[in-house]
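Below is one structure, written out as structure tokens, with a few remarks after it.
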Amino acid sequence: MRKVKITAFILCMALCLSACGAKEEKNAGEDLKQKIANQKKADMRKPGTKADNATVEDVQPSHADADLSSEDAIRAFLAGEWGFTDLETGEDYATVTFAEDGSLTFMRLSDQASCTGTIGFERNYSGEAESLDYFNLELNGIADLVSDDLSTEPDESCDTSGKFYIGCGETEDYLFLNEIGNGDTWISLEVFNIHKDDPGGKWAQWMFHRRHDAGQKAAASASDDFYAWVWQKDGNSVFLQKMIPHTYDTFGEYSDTAFTAAYFTEEEDPAVIEYQLDAGVDTSGFYDEKTWNSMFPLDMYKIKTDGNGTIKQVSEVDKAFYGIYDFGELEPDFYSEQRMFYCNNASYDMEDIAPAITAIMDCTKAGEWIVVEGHVNPHRSIYSFFNLRTGYFEYEVVGTNLIWRDNNIATAVYASDNEVRDIFGNLVGFADEGEVYNLRFKDDQTIEAEYMLIENGVEKNFTKEFEYEAPDTALFAYYEYLLTWSARDWREFAAMAPDGADAFLLVDPPEFVLNRMGPPYEYEKGALDTIAVVALKDDLKLHIEADEPGASGKGKRYDFDLSKKDNQVIQVTAPEGMPMDNLVINTKDNKEIIWPIMPLSGRIVQKSTFLTE
């Protein structure tokens, strides 16, 4: 049972009241009425209980009568009228009135259009000893609640399902519903979709609230680290609910990537508590910073506090699929036999991946890759790069003696006859004669290549050293993000940016990177070069200014608006000599970055850089 017993508290109150005279009892009653009246006048959008310096043991839990232990108990708790919140404005868009048997009436406030339905609750991920975690919702008679211009007429009845959370603040209760599944429903597309013109909004996440009489204040958690569902933010105030993670090992939805999955349930006391955000908390590296900065984040976070109500650190909790979260990858189980490669539950015939190979020579893990070396002949191997997060072979290199350092494929170099090349195929160095038979890193900036030369039937060996700095490790990290679009890969890439960087610039990047980016904008007709800009922050504006307006189709100006993680590819000439055009980036904090469009390469081949003011 989640019902919290407060017998000791009631007994103490009874003893106090019995010791008071009639006059004191009357005054106490008037004070209580005034207190409740003041609370009802308070801001309807302020959930939660203000955290103070008391410990958990010092106070009674908030909303102590919330019983969420069974479907019948949850339905009984929900009974009554709830407001359906517009998550962009904070205003109520509709009302939902629940009955104790789970039946409901939904009514849109703007025109009083309504429908009826039922809601039920069950266990999906959670076990028998854990809280219910899944809802099933059916609506009937929705014709008045859908758009008039639909090409397909919806059914009279529709349904949806997904995860739910319930929270209890000092003066309000909260219900969160999140549709989970592969497809849309008429409920998410029409009935509950407030902003139909905003496909990027939280169209499948819904929050309901209900006022209640003021309850006992709950204190901030005495623990320093915990997971929490964040209901609302108001300035430095964060209204959150401590949650319980339940973990298990599984595989990816579309790949055989092994990882630790997690789902969350409410604590026995589902208290929503107000915390204060410390001024030093930095969320600029978040994958989804907009959600954190919104009025209603409605997301899971890892919270670190000082134990007294002040948040010192916030971390995102990565999503996996179907309402579960990703707590980190597990070490893969991989091996090879002849021309077959096996990884976790999957098997791959390398004859289909690299038909020219005759056998698999080795399989080696490096970061999120497994490099499968296939033998072709004594002078050639094919290195096939298997990405553990996508479950596909994404890249290959033809050569010999592939090596890397620091478990990072972006630092890799390999030999091709008398040449040494980097992971992108750029030339690092060469000898006029001979063939490379061994490579090694002498130090962080030097590669030693051992050559063999047959001259008049006599074998000769010599060594050459090449300077190498691997300048485009960030470019390869960004490529890894383009493969997965995962929060983890984005953070790993963004962490490589220097302080103050607003954008990441690519100049004539490799084709396999460009193929993963958006379509190009043709700034200059017939231009053979390509640049790409990746936004590291929200609200970037960029354009190109021509030094010769109107010449060769130049002089066109198109302003691109980029949000964090967006990229824009532009076809433009990047001359070896004097730059003819400037890339201009303006930020929301009034910074202006001007970069003359030209190749980045100098002493070494370089295709990318971070841009700062």
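Given the pairs Lys304/Lys591; Lys290/Lys591; Lys564/Lys588; Lys233/Lys304, which span a C-alpha to C-alpha distance of over 23 angstrom in this model?
Pairs exceeding 23 Å: Lys304/Lys591.
Using a 1.4 angstrom probe on the protein heavy atoms only, line up Arg516, Arg108 by accessible area, largest first.
Correct descending sequence by accessible area is Arg516, Arg108.
Would any residue of region 130-147 have its amide N under 13 Å from a label point 7 Å out along Cα→Cβ of Glu71? List them or say none.
Only 132-138 pass the distance filter.
May I ask you to compute the full-extension gain from Lys525 to Arg491, defined as 0.36 nm times their residue separation minus their alpha-carbon distance, rounded to one decimal in nm? Don't skip to the end; give the middle numbers.
Numbers: separation 34, 0.36 × 34 = 12.24 nm, distance 3.59 nm.
Extra length available between Lys525 and Arg491 comes to 8.7 nm.
Could you tell me what a quarter of the Cα convex hull surface of region 369-514 works out to, in nm² with one decimal place?
Mean shadow area of the hull around the Cα atoms is 10.1 nm².
At a temperature of 20 °C and a viscosity of 1.002 mPa s, determine how fast region 204-348 diffuses translationally according to Stokes-Einstein, using the Kirkwood radius over alpha-carbon pairs as Rh; express D in µm²/s, rounded to the nearest whole number.
Result for D is 123 µm²/s.
What nm value, rounded to one decimal, do you get for the distance between Glu448 and Thr97 when each label is placed 7 Å out toward the C-beta?
8.5
Starting from the Cα coordinates of region 85-158, work out the convex hull volume and express it per residue in Å³.
Considering the Cα atoms of region 85-158, their hull volume per residue is 148 Å³.
Would you mind giving the average projected area, over all directions, of the Cα convex hull of region 115-210 in nm² with one decimal?
Details: hull surface 30.7 nm².
Convex hull of Cα atoms, orientation-averaged projection: 7.7 nm².
Please work out how much length the chain gains when fully extended from Tyr437 to Glu156, using 0.36 nm per residue of separation minus the C-alpha to C-alpha distance, in nm with one decimal.
Computed gain between Tyr437 and Glu156 is 93.9 nm.
Counting pairwise Cα distances across region 371-446, what percent come out greater than 18 angstrom?
Of all Cα-Cα pairs in region 371-446, 40 percent lie more than 18 Å apart.
What percentages, rounded to whole numbers, describe P(r) for region 438-591 computed over all alpha carbon pairs with 5 Å bin width beginning at zero?
Result returned by the calculation: 2, 7, 14, 15, 14, 13, 10, 7, 6, 5, 3, 2, 1, 0.
The values are calculated or read from the model by the stated rules, or taken from the named source; none is laboratory data. Note that the coordinates shown come from a computational prediction; the quantities given were computed from them, not determined experimentally. Neighbour counts are summed over all protein chains in view; Cβ atoms, including those assigned to glycine, are modelled from backbone coordinates with ideal geometry. Remember, those area values only see protein heavy atoms, side chains included, never the ligands or the DNA or RNA. Shrake-Rupley method; radii C 1.70, N 1.55, O 1.52, S 1.80 Å.
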